[in-house]
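Notes follow the structure.
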Amino acid sequence: MKEALSASAWNESRAQRRARRWDILVTAAMALCLLIPMPFAQFRSWPDQRLILERPVLPWSSFRLCYRPLDDGPPVEEQYRFNSSGRLHPSVAASAFPMALESLDPPRLQWQKQPEIELQDLHDRGAFLDIRVRWQPVLAYPLKMLLDAWKDHPLGSQGGGARR
């Protein structure tokens, strides 16, 4: 009886060791996936480099720019897509020079099927739109969003603690 009990205990501890090794392996694989670099599209005003929008780029990602030209022509809708390596297609906007969106009304930017963003501030200042694709680890995107939200918090970096 004692031998049967020790054999079942040995099998149980062996199964626990295998489960622990499996947990460590899965956790390490997940951590490595978060360090994989991925392209992110950044839309900034130029020359002040204020961030307007940042989104991860996937092969099916796209955005469009809508504006009314200064010559009072029909509204223009430019559609841009990304290829599997994170490059813009058509590559006209992928040049190193920022885009001048000269428009009668504020131009609009729409990422995928999300609501349009009116570029009112960009239009009022006569700034350009700079579109860059940068590679960064997947983990950096949510961490950067948290940091930006914390910096913009009305209580500042002190948080919600008691004040003297």
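Just to check your reading of the model, which residue among R55, R81 is of a type outside the set (A, V, I, L, M), under 20 Å from V138 (Cβ atoms) and assigned to a strand (DSSP E or B)?
Testing whether each residue is of a type outside the set (A, V, I, L, M), under 20 Å from V138 (Cβ atoms) and assigned to a strand (DSSP E or B) leaves just R55.
Which of the following residues is modelled with pLDDT of 90 or more, touching an Asp or Glu at 6+ places or on another chain (Cβ under 8 Å) and surrounded by 13 or more Cβ atoms within 10 Å (Cβ to Cβ): F43, F63?
F43
Yes/no matrix, rows are residues, columns are (1) at pLDDT below 85; (2) assigned to a strand (DSSP E or B):
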| site | (1), (2) |
| --- | --- |
| A96 | yes, no |
| P106 | no, no |
| Q110 | no, yes |
| K113 | no, no |
| D130 | no, yes |
| R134 | no, yes |
| M145 | yes, no |
| W150 | yes, no |
| H153 | yes, no |
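The values are calculated or read from the model by the stated rules, or taken from the named source; none is laboratory data. These numbers come from a predicted model, not from an experiment. Neighbour counts are summed over all protein chains in view; Cβ atoms, including those assigned to glycine, are modelled from backbone coordinates with ideal geometry.
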